[in-house]
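The values are calculated or read from the model by the stated rules, or taken from the named source; none is laboratory data. Small disclaimer: the values here were computed from a predicted structure and weren't measured. Cβ atoms come from the backbone with ideal geometry, glycine included; neighbour counts cover every protein chain shown. Ligands, DNA and RNA are stripped out before the accessible areas are found, and what is left, the full protein with its side chains, is counted by its heavy atoms. Shrake-Rupley method; radii C 1.70, N 1.55, O 1.52, S 1.80 Å.
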Amino acid sequence: MEEVLETRTRFLTVVVEDIFQPHNASAVVRTCDCFGIQDIHVIENKNKYKVSEDVTLGSAQWVDIIKHNTKGVDNTLGCYRKLKEKGYKIIATTPHTNDIALEDFQMDTKTALVFGSEQNGISEIAKEHADGFVKIPMVGFTESLNISVCAAICIHQLTLRMRELSPEVWQLSQEEKETIYLKWIKGVVRKPDLLEKEFYKRCK
């Protein structure tokens, strides 16, 4: 766990908006864990997300899935606002606007990478309030990839570029590592609350 925590990051985070096929969103979760991304933001304006265990293969327990599903509001705007308050630049993935090719994108600031639904891509609200756009250049007849494939390619490329930066830029803080470590421990041991209670009792 300590070794994995050294590779974890919140410098790059992932946002998925209204994905209606759970296995696609779950594949993104699995990819995030594989490449060291700790936070996945799930926007639920229309579609609710439920983890597909046969796709995540347990990876969901190692990442933080933050759901944005407040009734009566546009959760895309709410998600964007919270991310921008934390210093993130919002970069939406779409082939339909003036955008930067993936290989030309610069990982020079905290970035939230946004992926849209399977049929329509990101919403107009997501486009309007994004800080920029990125696309995967393609030369075939088909103009888009499955969202889970698109996410895997983007995350792989951007985490590689991110790790070329100084570790102090993208690694978790010591406090973040300790918080996540405790969460992970609680997730794999039996009766964690009783063990924690006994631990603090003995420390007195």
### Task
Please tell me if ALA25 is assigned to a helix (DSSP H, G or I) and either of a type outside the set (S, T, N, Q) or open to solvent by 10 Å² or more (accessible area, probe 1.4 Å) (or both).
yes
### Output for the range 32-58, where each listed residue is over 16 Å from ILE180 (Cα atoms) and open to solvent by less than 20 Å² (accessible area, probe 1.4 Å)
HIS41, VAL42, ILE43, GLU44, TYR49, THR56
### Query
Hey, among the residues in the range 116-130 that are charged (D, E, K, R) and open to solvent by 80 Å² or more (accessible area, probe 1.4 Å), which one's farthest from SER166 (Cα to Cα)?
GLU124
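Have a look at ASP18, ASP39 and point out the one that is in contact with a Lys or Arg (Cβ under 8 Å, 6 or more places away or on another chain) and under 22 Å from LEU158 (Cβ atoms). So that I can check it myself, show each step before the final result.
Details: ASP18 fails: under 22 Å from LEU158 (Cβ atoms).
The conditions single out ASP39.
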### Message
Give all pairs with beta carbons closer than 7 Å in which a residue from the range 22-39 that is under 21 Å from GLN119 (Cβ atoms) meets a residue that is of a type in the set (Lys, Arg) and open to solvent by 20 Å² or more (accessible area, probe 1.4 Å); count only pairs at least 6 apart in sequence or on separate chains.
### Response
PRO22/LYS50
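Do we have ASP64 as open to solvent by 20 Å² or more (accessible area, probe 1.4 Å) and modelled with pLDDT of 95 or more here?
On the way: open to solvent by 20 Å² or more (accessible area, probe 1.4 Å): yes; modelled with pLDDT of 95 or more: yes.
Yes: the conditions hold for ASP64.
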### Residue that is touching a Pro at 6+ places or on another chain (Cβ under 8 Å) and open to solvent by less than 40 Å² (accessible area, probe 1.4 Å), where the choices are LEU158, LEU102, LEU113
LEU102
### Message
Within the range 79-93, does at least one residue satisfy the condition of being of a type outside the set (Gly, Ala, Ser), farther than 23 Å from GLY132 by Cα and touching a Lys or Arg at 6+ places or on another chain (Cβ under 7 Å)?
### Response
no
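Find the residue count for the range 134-152, including only residues that are surrounded by fewer than 16 Cβ atoms within 10 Å (Cβ to Cβ) and within 25 Å of PRO22 (Cβ to Cβ).
Let us first name the residues in the range 134-152 that are surrounded by fewer than 16 Cβ atoms within 10 Å (Cβ to Cβ), namely 137-143, 146, 149.
Cutting the leftovers down to within 25 Å of PRO22 (Cβ to Cβ) gives us 142-143, 146, 149.
Of the residues in the range 134-152, 4 are surrounded by fewer than 16 Cβ atoms within 10 Å (Cβ to Cβ) and within 25 Å of PRO22 (Cβ to Cβ).
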### Message
Condition first: assigned to a helix (DSSP H, G or I), at pLDDT 95 or above and among the polar types (S, T, N, Q). Now tell me which residues in the range 139-173 satisfy that.
### Response
GLN157, THR159
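So, in the range 10-55, exactly how many residues are over 29 Å from LEU165 (Cα atoms) and out of contact with any Cys (no Cβ under 6 Å at 6 or more places or on another chain)?
Step one: of the range 10-55, the residues over 29 Å from LEU165 (Cα atoms) are 18-24, 43-55.
The next check asks that each one be out of contact with any Cys (no Cβ under 6 Å at 6 or more places or on another chain); those that pass are 18-24, 44-55.
Result for the range 10-55: 19.
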## Note on the structure
Only one of (1) at pLDDT 95 or above; (2) closer than 26 Å to ARG163 by Cβ does not apply to GLY58, and that is (1)
### Matching residues, the range 17-40, being of a type in the set (Val, Ile, Thr), touching an Asp or Glu at 6+ places or on another chain (Cβ under 8 Å) and either more than 16 Å from THR93 (Cβ to Cβ) or modelled with pLDDT of 95 or more (or both)
ILE40
